[in-house]
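Undergrad: Please see the structure below; I have some questions.
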Amino acid sequence: MTVKQAAEDGRRVAIVTGAGIGLGRAYALELARRGMRVVVNNRRRELDAQGRGSADRVVEEIRAAGGEALADYEDVCDDGAGERLVHRALETFGRLDALVNNAGVDQHAPFHRIDLAAFRAIFEVNFFGTLQVTHAAWGPMRAAGHGRILVSTSSAGLHGLHGLSAYSASKAALIGLARTLAAEGASRDVFCNAIAPYAATRMTAAHLGAAAREQMSPAQVAPLVADLVDAGCRINGQVIVAGLGAARRATTVELDGAMSAGSYAVQNKNVSPAPLRVPGVCAEFGDALQAFADFESAAARGLAGRGSEG
C-alpha cells in the first residue's frame, strides 16, 4: 500500500508515547481494537531473548488481533524526537489523527533532597517530552483541519503532594499547555484535553495492595482515552480524572466575594481556609492523596448505584 492509499483508506492513525507497558500499552491496544492504526512509541530499554523491546511486543499483540501498528523507539527527550516520530507516522500511514502523550517519569525525593539537575530531568521528560511531540504534530493536524491531542497530567499536578515537587510541577504545567492549545486549535477542529489517571502501573504499584492493583487496571482508563481522541468527540480543554471504571471533570475555580488584597490578608492572617466542598458541584482537597480518597469513594458509590439500576 502506498502512502497515498494509506491516507485515503479511512482508518484513523494515532501515536501513543510511552506505550510499551502500563497505561500506554492499554491505550494502544484499545485504540487498535477500535480500528485505529497505532504508532507504538517507547524508548529502547531491556530487550527479551528474541531481541524485542516492549514496543515490539505491543505491536505483536495488535497485529495478532488483526490490527495494524508500527513500533517506534524514539526517546521523547532527544532533540528532534518529536519531528522524527510524527514524520514516521505520516510517512508510513499518510495521516495523523490523534496523539496520546503518555511518556513520563516519577520522583523519589523531597524538595530539600532533589538537586536542580534532577528537577530539570523530570521536567525534561514529563513536560518537554510531551511538548516536543505535540509541537511536531500540531502543524500537520492544523493543516488537515482535524486532530485530537491528549496529555497525561496527575492529581499531583492538580493538588500537589509531599515529596513530588518536580513531578507535580511538570504535570501542572501540562494542564496550562493543554488548555491553551484547546483554545488555539478549536477553530481547526484540533482539540486538546488532559487526563489524570488512577491506575496500577510501575510508578504506583509499590504503593498499592493486591486488591487495589486488581481494581485499578490500566484497561479501565483506556476506553475513556479512546473516546476523547475519537473523531466525533467534542470535549475540548478539559481535565478528566479517571480510574476504577469512573471519571469526573477537574477544573480551577475562583470564589465569589472579591475584596482588596490588603483586606483579604488582614481577615485571613491567622486562618487556614477550610477546604471548599459544594456537594455535586466542586470540592477542594489538601493534596493528591485526599483527592484520590474522595474519588475512590465517589466511584464506589456511583458504580454501586449503576449496578442497582441493572
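Undergrad: Just one of the numbered conditions (1) crowded, with 22+ Cβ neighbours inside 10 Å; (2) assigned to a loop (DSSP other than H, G, I, E, B) is not true of His162; which one?
TA: (1)
Undergrad: Specify the residue that is modelled with the lowest pLDDT; the eligible residues are those in region 35-51 that are more than 20 Å from Val105 (Cα to Cα) and touching a Lys or Arg at 6+ places or on another chain (Cβ under 9 Å).
TA: Per the stated criteria, the residue is Asp48.
Undergrad: Out of Arg188, Arg234, which single residue is at pLDDT 95 or above, basic (Lys, Arg) and in contact with a helix residue (DSSP H, G or I) (Cβ under 7 Å, 6 or more places away or on another chain)?
TA: Arg188
Undergrad: Among Val253, Val225, which is the only one that is on the phi < 0 side of the Ramachandran plot and either modelled with pLDDT under 85 or in a loop (DSSP other than H, G, I, E, B) (or both)?
TA: Unique residue meeting the criteria: Val253.
Undergrad: Taking the condition of being surrounded by 15 or more Cβ atoms within 10 Å (Cβ to Cβ) and either among the acidic types (Asp, Glu) or not in a helix (DSSP H, G or I) (or both), how many residues in region 133-146 meet it?
TA: Selection size over region 133-146: 1.
Undergrad: Looking at Val100, Val59 in this structure, which one is in the same structural domain as Phe123 (by TED's automatic domain parsing), closer than 22 Å to Asp230 by Cα and in contact with a helix residue (DSSP H, G or I) (Cβ under 8 Å, 6 or more places away or on another chain)?
TA: Exactly one residue qualifies, and that residue is Val100.
Undergrad: Only one residue in Ile114, Ile122, Ile149 is surrounded by 16 or more Cβ atoms within 10 Å (Cβ to Cβ) and within 24 Å of Asp230 (Cα to Cα), so which one is that?
TA: Ile149
Undergrad: Output yes when any residue across region 118-132 is touching a Phe, Trp or Tyr at 6+ places or on another chain (Cβ under 9 Å), part of a loop (DSSP other than H, G, I, E, B) and in the same structural domain as Pro223 (by TED's automatic domain parsing), and no when none is.
TA: The answer is no, given that none of the residues of region 118-132 is touching a Phe, Trp or Tyr at 6+ places or on another chain (Cβ under 9 Å), part of a loop (DSSP other than H, G, I, E, B) and in the same structural domain as Pro223 (by TED's automatic domain parsing).
Undergrad: While we're looking at this one, here's another question. For region 20-79, enumerate the residues that are at positive phi and assigned to a loop (DSSP other than H, G, I, E, B).
TA: Gly35, Gly51, Gly66
Undergrad: Still on this structure: Would you be able to tell me the number of residues in region 105-117 that are modelled with pLDDT of 95 or more and in contact with a helix residue (DSSP H, G or I) (Cβ under 7 Å, 6 or more places away or on another chain)?
TA: The number of residues fulfilling the criteria is 2.
The values are calculated or read from the model by the stated rules, or taken from the named source; none is laboratory data. All values derive from a computational prediction rather than experimental measurement. Neighbour counts run over all protein chains shown; Cβ positions are idealised from the backbone, glycine included.
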